[in-house]
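These notes are about the structure you will find just below.
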Amino acid sequence: QVQLVESGGGLVQPGGSLRLSCVAPGSIFRIYAMGWYRQAPGKQRELVAAHTTVGITNYADTVKGRFTISRDNAKNTVFLQMNSLKSEDTVVYYCNSYASIRAPWGQGTQVTVSS
């Protein structure tokens, strides 16, 4: 069964850090670039960061310099290190491939930045 499992979200104060993890099916992870996405209520899901299989990364302007995406190829896992968190980063985060072929979306992980 193709399944994405995100974890690592939680409540953090402004300026704090969190590290998100996502275990992806090998059928997706080994072939495609992986991305982290987020979706606020009533808004479209947007790409936050992407990491290709050869190590090229790109980031949304809103997170550049604060977030870092990485992947552990041995564990089919993609990470998102989030530093200097802001209240506007409060949203549900999802991972999936950064390609036209995607797995069904997982449950996501909630990040809440609040004092």
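When region 60-72 is limited to residues that are closer than 18 Å to Glu6 by Cβ and not basic (Lys, Arg), the one that is most open to solvent (accessible area, probe 1.4 Å) turns out to be Thr68.
Looking only at region 44-55, residues that are outside any strand (DSSP E or B) and under 13 Å from the mean Cα position of the chain (by Cα) come to 1 in all. Against the criterion of being crowded, with 17+ Cβ neighbours inside 10 Å, of a type in the set (Ser, Thr, Tyr) and in contact (Cβ under 8 Å) with a residue 40 or more places away in the chain, Tyr98 qualifies. Restricting to region 28-48, and then to whatever is closer than 14 Å to Thr62 by Cβ and of a type in the set (A, V, I, L, M, F, W, C), can you tell me which residue is surrounded by the most Cβ atoms within 10 Å (Cβ to Cβ)? Here the residue is Trp36.
Under the condition of being hydroxyl-bearing (Ser, Thr, Tyr), in contact (Cβ under 8 Å) with a residue 24 or more places away in the chain and either within 11 Å of Arg71 (Cα to Cα) or touching a helix residue (DSSP H, G or I) at 6+ places or on another chain (Cβ under 9 Å) (or both), the residues counted in region 32-59 number 1.
Let's see how each residue does on (1) modelled with pLDDT of 95 or more; (2) under 23 Å from Ser84 (Cβ atoms); (3) assigned to a loop (DSSP other than H, G, I, E, B):
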{"position": "Gln1", "(1), (2), (3)": "no, no, yes"}
{"position": "Glu6", "(1), (2), (3)": "yes, yes, no"}
{"position": "Leu11", "(1), (2), (3)": "yes, yes, no"}
{"position": "Gly16", "(1), (2), (3)": "yes, yes, yes"}
{"position": "Ser27", "(1), (2), (3)": "no, no, no"}
{"position": "Ile31", "(1), (2), (3)": "no, no, yes"}
{"position": "Trp36", "(1), (2), (3)": "yes, yes, no"}
{"position": "Gly42", "(1), (2), (3)": "no, no, yes"}
{"position": "Asn58", "(1), (2), (3)": "yes, yes, no"}
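Cβ separations smaller than 7 Å between residues 6+ apart or across chains give the following pairs from region 1-27 residues that are touching a residue at least 40 places away in the same chain (Cβ under 8 Å) and open to solvent by 20 Å² or more (accessible area, probe 1.4 Å) to residues that are in a loop (DSSP other than H, G, I, E, B) and basic (Lys, Arg): Pro14/Lys86. When the test is whether a residue is within 18 Å of Val2 (Cα to Cα), outside any strand (DSSP E or B) and touching a helix residue (DSSP H, G or I) at 6+ places or on another chain (Cβ under 8 Å), Ile101 passes it. The residue list Thr62, Thr68, Thr112 contains one member that is part of a strand (DSSP E or B), modelled with pLDDT of 95 or more and over 11 Å from the mean Cα position of the chain (by Cα), which is Thr112.
The values are calculated or read from the model by the stated rules, or taken from the named source; none is laboratory data. The structure displayed is predicted, hence computed values, not measured ones. Backbone-built Cβ (ideal geometry, glycine too); neighbour counts: all protein chains shown. Side chains are part of the model used for accessible areas, which takes the heavy atoms of the whole protein and leaves out ligands, DNA and RNA. Shrake-Rupley method; radii C 1.70, N 1.55, O 1.52, S 1.80 Å.
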